[in-house]
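Structure first, commentary second.
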Ligand SMILES: Cc1cc2nc3c(=O)[nH]c(=O)nc-3n(C[C@H](O)[C@H](O)[C@H](O)COP(=O)(O)O)c2cc1C
């Protein structure tokens with residue numbers, strides 16, 4: 001238990017303090033350009049960026065991605081993320097609930113979010129390799145209720161499990177375990193990567209399992225090969241981790257894969273650290289876009305006011321992008337091929 005919490009603390013420290021971005025592989029957003037509309041025929045004040053998500057109305061199609069939970073510092077972080085998300089009217093995904101499943105003393109570090117923010121979607125999170133053998137539906141339901149979560153997101157992280165010193169790279173049976181959860185868990189399920197993206201084949205398989213929400217968590221932002229490279233002491237393992245520094249499916253490519261699958265609800269994330277990338281993710285067709293590292297780093301530097309400011313910058317950039325492409329609401333903007341072009 002202590003081990004899981006100290007691993008999570010190291011992850012947050014490294015993600016905050018070290019250069020853990022990809023060096024060559026990028027999200028691909030830089031190759032997409034909005035087509036400026038000098039005659040938008042709308043007033044800026046009419047732009048509406050509200051959207052529905054998990055039975056709530058968000059004030060912007062934005063989510064704080066899964067980061068934290070378990071230890072005392074996580075509790076402080078989740079509390080502040082919930083304060084900011086609630087003020088801004090956006091969604092919040094908590095970090096993996098594995099610590100809370102193993103020790104009920106950790107529950108408070110997750111529950112705090114719901115206590116602070118009764119009015120936003122809160123999503124709990126668990127790793128794919130943990131649902132195969134360890135945790136069954138009834139245990140998950142109990143903890144989801146205790147946390148007050150609206151949905152469960154399951155992360156697929158084979159590369160991280162393979163590289164991390166204490167990894168559990170057991171993925172045999174994961175598909176069936178997801179399918180069983182989808183059939184038995186009375187909560188919506190989101191399946192996500194953690195920064196290496198989802199291929200069309202994986203997305204189609206998830207869709208066959210009945211999954212309706214995916215978070216592509218593509219490559220180009222946080223690199224877990226770099227994070228685990230920093231944590232590993234063995235020279236040999238560090239050399240192996242270095243082979244995977246540029247591995248993954250870029251965020252924009254993963255979004256395109258998800259669009260090909262059709263009738264799937266897409267959350268776009270992975271390297272979304274500016275308002276313009278956020279706006280492009282939605283224009284490409286995502287229902288919601290999410291970010292982890294930007295919020296973590298902002299919190300460490302500037303606390304709740306910093307996070308609120310970052311969210312305002314994202315939201316205002318989206319509004320202006322919609323205004324200058326002539327789209328009054330997200331129905332007109334989202335997935336609109338006439339307003340964004342690909343140019344390398
Ligand atoms: C410190 C840290 C901890 C994270 N913990 C989790 C986690 O518990 N579960 C999960 O699904 N993803 C986790 N992630 C991955 C993020 O949710 C996200 O998918 C990934 O970082 C890509 O987004 P980014 O480029 O905006 O950081 C974590 C990310 C960071 C930086």
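What follows is calculated from the coordinates using simple rules that are stated; it is not laboratory data. It should be emphasised that the depicted structure is a prediction, and the values quoted were computed from it without experimental measurement. Cβ coordinates were reconstructed from backbone atoms using ideal geometry, including for glycine residues, and neighbour counts include every protein chain displayed.
Points to keep in mind about this one:
- For the pair residue 9 and residue 235, the difference between a 0.36 nm per residue extended length and the Cα-Cα distance amounts to 79.1 nm.
- Spacing of the two label points (7 Å from each Cα toward its C-beta) at residue 274 and residue 133, in nm: 4.5 nm
- Stretchable slack from residue 52 to residue 247, in nm (0.36 nm times residue separation minus alpha-carbon distance): 66.8 nm
- Semi-axes of the equivalent ellipsoid for the chain, computed as √(5λ) from the eigenvalues of its C-alpha gyration tensor and ordered from largest down, come to 30, 22, 20 Å.
- Peptides 21-29, 194-202 ordered by average Cβ neighbours within 10 Å, highest first: 194-202, 21-29
- Considering only alpha-carbon pairs that sit under 8 angstrom and 6 or more positions apart, the relative contact order computed for the range 1-136 is 22 percent.
- Cα gyration tensor shape of the range 12-109, rounded if a/c is under 1.5, else prolate or oblate by comparing a/b with b/c: oblate
- Every helix of 4 or more DSSP H residues in the chain counts as -39500 (n - 2.57), and over all residues that averages to -14000 deg cm²/dmol at 222 nm.
- Highest mean packing comes first when the peptides 227-233, 149-155, 278-284 are listed by Cβ atoms within 10 Å, giving 278-284, 149-155, 227-233.
- Pairs of Cα atoms nearer than 8 Å and 6+ residues apart set the relative contact order; for the chain it is 24 percent.
- For the range 151-256, convex hull of alpha carbons as volume per residue, Å³: 103 Å³
- For the chain, the longest principal axis of the alpha carbon atoms and the long axis of helix 137-147 meet at an angle near 60°.
- Contour excess over end-to-end distance, with Cα ends at residue 328 and residue 72 and 0.36 nm allotted per residue: 87.8 nm
- Here the contact order of the range 262-344, divided by its residue count and restricted to Cα pairs under 8 Å and six or more residues apart, works out to 35 percent.
- Alpha-carbon centroid distance for the pair the range 269-344 / the range 90-158, whole angstrom: 26 Å
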